[in-house]
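Heads up, the thing below is written out as structure tokens.
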Amino acid sequence: MRARARDRTGRLLPNARSAGLGLLAICCALAPSLAARADDEVEDYGQVAAIQNREYRMGQELELAVALLPEDAFYKGVAPELSYTFHFTDSWSFEARGAYSVDFDTGLKQQLLELGTQPTAFQETRLFITGDVVWSPIYIKGTLTNRSVMHGEIYFALGGGAFEEVATGSNLGNFYPAPNLGVGIRFFLSKIWSLRLDVRDNVLIDQNFDNVLDASLGISVNFFAPE
């Protein structure tokens, strides 16, 4: 056992180890109070987010598009489409559109006839006119191949319209009301021109509640846009 040093009165002097343990004990005792005081002194600024204004804004819009009606097994429709949209704000607008469908036979009817099966008469969409409230909550800003900045928006549509359905082999059609729901995306080419891709699901109020799905790709021109 090592000898301990004594002072002039004969009392034992603390060695370095015991002195270090004592200092460590004092630090441990003071640490919680110091940490609590430091937390009290930190000011909470809340969440900080940098939100930029939209670089591209819409006013009134004309779109020329081509719509595809792909859902029916007997025919596929290709419809030139024209629409007008009035933008009340950056997020809300109203769109009116009309299209005339040119139908192309898929050959399924002829195959059924060759098999000795007579298909029942079915309806083909010829004309449709719709009006929709459009909500654009998502504005996109990104890079394209790290060379250029791309702007766009994602929007949702809710509305309704009228669809003219023509029976097979007839030129006379009947109009049916049709509520619809849709989603779309826009890519801005400039402050005037933009590309749009839309998908709308229309439910005809007829005996079978038939669905008519139309997907369109078009180019839009923007005018009277706010600065």
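The values are calculated or read from the model by the stated rules, or taken from the named source; none is laboratory data. Quick caveat: nothing in here was measured; it's all calculated off a predicted structure. Because the Cβ atoms are built from the backbone with ideal geometry, glycine has one as well, and the counts that use them run over all protein chains shown.
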With criteria (1) in contact with a Phe, Trp or Tyr (Cβ under 9 Å, 6 or more places away or on another chain); (2) closer than 22 Å to Arg200 by Cβ; (3) hydrophobic (A, V, I, L, M, F, W, C); (4) modelled with pLDDT under 95, Val102 comes up short on (1)
Answer yes or no: is there a residue in region 110-119 that is touching a residue at least 12 places away in the same chain (Cβ under 8 Å), part of a strand (DSSP E or B) and either surrounded by 14 or more Cβ atoms within 10 Å (Cβ to Cβ) or not aromatic (Phe, Trp, Tyr) (or both). no
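Quick one: is Asp206 acidic (Asp, Glu) and within 21 Å of Pro80 (Cβ to Cβ)? If you could, list the steps in order and put the result at the bottom.
Details: acidic (Asp, Glu): yes; within 21 Å of Pro80 (Cβ to Cβ): no.
Here the answer is no, as Asp206 does not meet what is asked.
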Among all residue pairs at least 6 apart or on different chains, which show Cβ distances below 8 Å where the first residue, located in region 69-83, is closer than 25 Å to Glu95 by Cα and the second is of a type in the set (Asp, Glu) and part of a loop (DSSP other than H, G, I, E, B)? none
Those residues of region 175-210 which are under 15 Å from Ser101 (Cβ atoms), more than 22 Å from the chain's Cα centre (by Cα) and part of a strand (DSSP E or B), in sequence order: Phe175, Tyr176, Ala178
Out of Phe88, Phe128, Phe74, Phe104, which single residue is under 21 Å from the mean Cα position of the chain (by Cα), hydrophobic (A, V, I, L, M, F, W, C) and more than 15 Å from Glu63 (Cβ to Cβ)? Phe88
Looking at Leu68, is it surrounded by 13 or more Cβ atoms within 10 Å (Cβ to Cβ), modelled with pLDDT of 95 or more and more than 18 Å from Asn222 (Cβ to Cβ)? yes
